[in-house]
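Note sheet for the following structure.
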Amino acid sequence: MDPQLTAYLDAARPRQVDELMAWLRIPSISTLAAHKDDVMAAAVWLRDHLQSIGLEHVTLIDSGTQPMVYADWLHAGPDKPTVLIYGHFDVQPVDPLDLWQSPPFAPEVRGDNLYARGASDDKGQTFVHIKAVEALLRTTGRLPVNVKFLIEGEEESGSRTISAYVPQHAAQLAADAVVVSDTHIIAPDQPVILYGLRGIWVAEITVTGPAHDLHSGNFGGTIHNANQALAEILAALHDRDGRVTVPGFYDQVRVLSPEERAVLAQVPYGEAQVLADSGAPALYGEPEFTPVERIGARPTLEINGMWGGFIEPGFKTVIPSQAHAKISCRLVPYQDPARIEELVTAYLHQLTPPTVTIDVRGRRGAPAFLTPYDAPPIQAAARAYRQVFGNDPVFTLEGGGIPIVNVFQSVLNAPIVLMGFGLPDDNLHAPNEKFHLPCFYKGIRTSVAFLHEMAQL
Ligand SMILES: [Zn+2]
């Protein structure tokens with residue numbers, strides 16, 4: 001890296017942290033209506049900041065339920081690629097508040113970490129790219145590629161505004177790569193590039209037996225208990241090896257090539273780590289797949305909740321009329337949430353005996369996301385990581401999802417570079433969220449290196 005830029009970045013560290021702390025002080029919780037003004041205040045802060053570092057066309061977009069901010073710098077030349085950088089400035093609620101060692105909106109540096117709600121998810125990781133662009137503009141007066149920012153305030157509450165905006169502004173947002181830093185790496189010296197995220201489908205199930213709760217002395221032995229019937233139905237959804245038994249469930253699941261299995265085998269996350277992280281006594285799931293493959297490349301069906309009958313202290317000898325469950329499926333690429341809803345619903349009805357009835361209400365499907373890991377922008381990100389972290393990144397698939405990446409991919413038809421700078425123990429959505437400051441500083445250098453690598457494509 002250019003010595004002038006290195007010197008600039010070394011000297012800028014305290015100021016970069018101070019600025020991030022100012023943004024983190026704004027309690028921009030998008031899931032709570034009481035914080036609507038705070039989400040707007042975080043957008044205004046961002047707009048003013050992007051203006052102050054020399055970006056152009058800086059716009060606060062207030063077209064939906066929550067604000068977004070757009071900015072760009074488009075003077076690299078028409079032969080140079082364009083990078084669209086996405087992030088979000090809204091945050092999760094902070095309860096339980098008493099478990100925080102310092103107040104969530106009073107950012108505090110302790111040791112190597114900056115503690116605050118949003119420090120890692122996602123103000124801190126978004127700020128990485130803002131500071132990279134600022135450093136290049138301040139030291140060279142220009143950027144090696146054209147850069148656009150689109151930063152939203154609604155990621156934690158459904159991304160509705162941006163999901164409507166992107167398809168309507170495809171030309172304004174056109175890019176050769178979309179960079180998203182809203183994920184984590186494995187360790188401070190082991191970067192990760194995600195090339196896929198699982199999708200989801202959820203449903204609530206109600207099993208009804210008798211018209212009302214019954215006395216088990218008077219009716220026991222003649223009526224099918226709704227709790228028991230629900231347990232029998234749910235127990236039939238997996239075989240002994242943990243495979244989902246719903247007919248057709250795996251029909252659209254892609255078969256992993258030997259080459260891709262070799263790539264995933266590089267990820268240093270195995271059985272021992274899953275046991276340590278989960279506290280479970282033994283692993284469960286499809287034995288012919290590794291834990292990394294099961295988490296990223298295989299679909300699941302989980303029972304998230306079950307309730308029914310008498311659950312208060314003491315005893316009540318009742319045959320409950322109704323029993324309930326919430327289930328969800330993590331979906332992998334090419335599984336269609338609507339098709340999965342049909343298959344699971346039909347199978348639940350098929351499993352239901354004539355002694356009870358079943359009602360299945362499916363909701364909120366999002367498909368999985370997959371981008372080719374050999375796409376040139378992703379390989380450019382890999383080279384940038386290697387330069388700054390000293391190690392090649394591993395490529396992997398992750399279990400959770402970021403819904404907007406599907407919209408970017410389908411509308412902009414550009415590779416999505418999921419370049420994380422968080423750590424697995426950043427306490428996202430939990431008390432004592434933090435950002436590891438060495439990752440913040442290395443992230444800024446990686447972003448600079450990435451923009452230079454993109455310029456070579
Ligand atoms: Zn996030």
(request) Report, ordered by the first and then the second residue, all pairs with beta carbons closer than 9 Å, sequence separation of six or more or different chains, a first member in segment 427-448 that is away from the ligand (no atom under 16 Å from the Cβ), and a second member that is aromatic (Phe, Trp, Tyr) and open to solvent by 10 Å² or more (accessible area, probe 1.4 Å). (result) PRO431/TRP100; ASN432/TRP100; ASN432/TYR115; LYS442/PHE389; THR446/PHE389
(request) Tell me, please, whether a residue that is within 16 Å of the ligand (Cβ to nearest atom) and surrounded by 19 or more Cβ atoms within 10 Å (Cβ to Cβ) can be found in segment 388-396. (result) no
(message) Among the residues in segment 192-199, are any open to solvent by 10 Å² or more (accessible area, probe 1.4 Å), within 21 Å of the chain's Cα centre (by Cα) and modelled with pLDDT under 95?
(response) yes
(message) Looking at segment 150-170 only, could you name the residues that are buried (at least 20 other Cβ atoms within 10 Å of the Cβ), away from the ligand (no atom under 16 Å from the Cβ) and of a type in the set (A, V, I, L, M, F, W, C)?
(response) VAL166
(request) Select from segment 243-283 the residues that are among the acidic types (Asp, Glu) and in a helix (DSSP H, G or I) and list them in ascending order. (result) GLU259, GLU260, GLU271, ASP277
(request) Select from segment 287-301 the residues that are part of a loop (DSSP other than H, G, I, E, B) and surrounded by 17 or more Cβ atoms within 10 Å (Cβ to Cβ) and list them in ascending order. (result) PHE289, THR290, ALA297, ARG298, PRO299
(request) Looking only at segment 63-75, decide whether some residue is closer than 25 Å to ALA430 by Cβ, within 16 Å of the ligand (Cβ to nearest atom), in contact with a helix residue (DSSP H, G or I) (Cβ under 7 Å, 6 or more places away or on another chain) and at pLDDT 95 or above. (result) yes
(request) Please work out which residue is surrounded by the most Cβ atoms within 10 Å (Cβ to Cβ), limiting yourself to segment 79-95 and to residues that are more than 16 Å from the ligand (Cβ to nearest atom) and at pLDDT 95 or above. (result) VAL83
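The values are calculated or read from the model by the stated rules, or taken from the named source; none is laboratory data. In this text, all values refer to a predicted model and were calculated from it rather than measured experimentally. Positions of Cβ are generated from backbone atoms using ideal geometry, with glycine treated the same way; all protein chains shown enter the neighbour counts. To get the accessible areas, we keep the full protein, side chains included, count just its heavy atoms, and leave off ligands, DNA and RNA. Shrake-Rupley method; radii C 1.70, N 1.55, O 1.52, S 1.80 Å.
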